[in-house]
Amino acid sequence: MTKVITYGTFDLFHEGHYRLLQRAKGLGDYLIVGVTTEAYDKTRGKLNVVDSLVTRIENIRKTGFADEIIIEESQGQKVNDIRKFHIDIFAIGSDWIGEFDYLKDFCKVVYLERTKNISSTMLRAQNSPIQRIGIIGTGRIAARFIPEARLVSGVSTQGVYNPHTESAERFAERWEINAYTTLEKFYDEIDTVYVASPHETHYDYIRDALAHGKHVLCEKPMVLQRGQAEELFAYAKEKGLILFEGIKTAYCPGFHKLLGIACSGTIGSIRNVEACFTKLENAANRELTDTVYGGSFTELGSYVMLPILKIFGKEFDEVRFDTIHDEKGLDIFTRACFRFPTGIAVATCGLGVKSEGRLLVAGTKGYIVAEAPWWKTSYFEVHYEDAGRVEKYSEIFLGDGLRYEISDFLSMINGNSSSEFKLTRGESATMAGIMGLFLEEEGRL
Ligand code: CTP
């Protein structure tokens, strides 16, 4: 008996997939089809798969060509499968020519001619037209956003708005996009807005973009007062639009794995969370010169509050701030201490004091530790009373990590709300509320 194996995502099952499976089956007597998991697709940078794994498997089963369907969940699995299932032929579409020649040591490799003019990517674009993103603001984060957005299929960066002509033009030229200096023209040519301007301008830009019927992805901190967050979310809902706060950590796969393990009971009941993020900032930068909206907490507070609220929830009994100020009165090191009904937490951040950036989650049976840069979670450990027992976890974190939030934002625009739980509106509003309390205490609101 000749055994054949092939692999793919098989999203939005189409004619090309059907013909590939038909010919793969024709190469032998028994066909095994490997279907990628969502997690594996994410690690290889395929972010916008529409159909669930169950649907993709079901579509393959319905063709009647597959004698067996397996899951492909990691890099390097193919060689093991070929050995395990005693495979004679590995078949794949001609778009992969050369890529799988290394398997020739284990079985015959056949590249089947790809069916022309059809692909999942093409169907995704037809079902959900490309979202043209317009960026408001031309700062460092805006520059990091563009290469990341280019990796997400389904979006294109159309242009940038900045009321200062020179800044808009310089930025647009560097990234080969359009420059807009009036909002009317900007709104005419885009579908979606990424707000990357200084914090205090977010509220007005978001409101205006929503009023013009645009979905909004806003850089953190979205706003600095709870009432503003609630009002904007309500307005977005009324207009049928998506408003989404971009805290990249919330959407990265490693942070999810960490939260999943933290909340699974592995380390018992969680009693303490400590999150620290410090970044020594240039004294001339906005973060250390804007004495109203600058400082460490508005800049980094979103990151350090995130794991605390994800683990203990939004209802805290008390929050207390300890702050070190510079000579201008700006917080260069801030500690927010929380008391929750089931535990305590500390969120520490600094722009002028360097400390060990670490996330620690302590429970009644053990603890989880993720070292800096835990906000781009790619590795963490679980420790227990028995010091010799350490479980190590790693997860991919690609590039600057903004691709994950952009991809989830796009899924939500396209009607898929399965990533909404990663950062809920209530959590965003709670963070804005805590920022507001802090600024009030500092006498800045
Ligand atoms: N395939 C094919 N002809 C097409 C599209 C895909 O023969 N027009 C083959 C691929 O070469 C692969 C298998 O079908 O062997 C599964 O491919 P997959 O990556 O799931 O499909 P694509 O449509 O290429 O997906 P995407 O656009 O997301 O890359």
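The values are calculated or read from the model by the stated rules, or taken from the named source; none is laboratory data. No experiment lies behind these values; they were computed from the predicted model shown. For neighbour counting, all protein chains shown are included, and Cβ atoms are generated from backbone atoms with ideal geometry for every residue, glycine included. Please note that ligands, DNA and RNA were not included when accessible areas were found on the heavy atoms of the full protein model with its side chains. Shrake-Rupley method; radii C 1.70, N 1.55, O 1.52, S 1.80 Å.
Per-structure values
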| item | result |
| --- | --- |
| Of all residues in the range 409-443 being modelled with pLDDT of 95 or more and charged (D, E, K, R), the one that is farthest from Y293 (Cα to Cα) | K422 |
| Pairs, first closer than 16 Å to R358 by Cβ in the range 335-346, second surrounded by 14 or more Cβ atoms within 10 Å (Cβ to Cβ) and charged (D, E, K, R), C-beta under 8 Å, six or more apart | A345/E274; V346/E274; V346/R335 |
| Among the candidates I308, I324, residue that is without any contact (Cβ under 8 Å) to a residue 40 or more places away in the chain and either in a strand (DSSP E or B) or open to solvent by 10 Å² or more (accessible area, probe 1.4 Å) (or both) | I324 |
| Residues that are within 13 Å of the ligand (Cβ to nearest atom) and at pLDDT below 95, drawn from the range 43-83 | R44, G45, K46, L47, N48, V49, V50, D51 |
| Residue that is modelled with the lowest pLDDT [pool: residues in the range 101-142 that are within 16 Å of the ligand (Cβ to nearest atom), surrounded by 17 or more Cβ atoms within 10 Å (Cβ to Cβ) and small (G, A, S)] | S128 |
| Residue pairs meeting the criteria (Cβ under 9 Å; at least 6 apart or on separate chains; first on the phi > 0 side of the Ramachandran plot, in the range 90-106; second within 15 Å of the ligand (Cβ to nearest atom)) | G98/Y111 |
| Boolean, D11 is modelled with pLDDT under 95, among the acidic types (D, E) and open to solvent by less than 50 Å² (accessible area, probe 1.4 Å) | no |
| Residue within the range 84-94 that is assigned to a helix (DSSP H, G or I) and either within 14 Å of the ligand (Cβ to nearest atom) or under 30 Å from S378 (Cβ atoms) (or both) present | yes |
| Any hit, the range 39-47, residues being free of Cβ contacts under 8 Å to residues at least 40 places away in the same chain, part of a strand (DSSP E or B) and open to solvent by 50 Å² or more (accessible area, probe 1.4 Å) | no |
| Count of residues meeting criterion [open to solvent by 30 Å² or more (accessible area, probe 1.4 Å) and part of a helix (DSSP H, G or I)] in the range 255-266 | 3 |
| Evaluation of I71 against (1) crowded, with 17+ Cβ neighbours inside 10 Å; (2) closer than 19 Å to Y40 by Cβ; (3) touching a strand residue (DSSP E or B) at 6+ places or on another chain (Cβ under 7 Å) (one fails), failing number | (1) |
| Selection status of G98, within 15 Å of the ligand (Cβ to nearest atom) and within 17 Å of G28 (Cα to Cα) | no |
| The range 74-88, residues that are surrounded by fewer than 16 Cβ atoms within 10 Å (Cβ to Cβ) and touching a helix residue (DSSP H, G or I) at 6+ places or on another chain (Cβ under 8 Å) | S74, Q75, V79 |
| Number of positions in the range 415-445 that are open to solvent by 30 Å² or more (accessible area, probe 1.4 Å) and at negative phi | 13 |
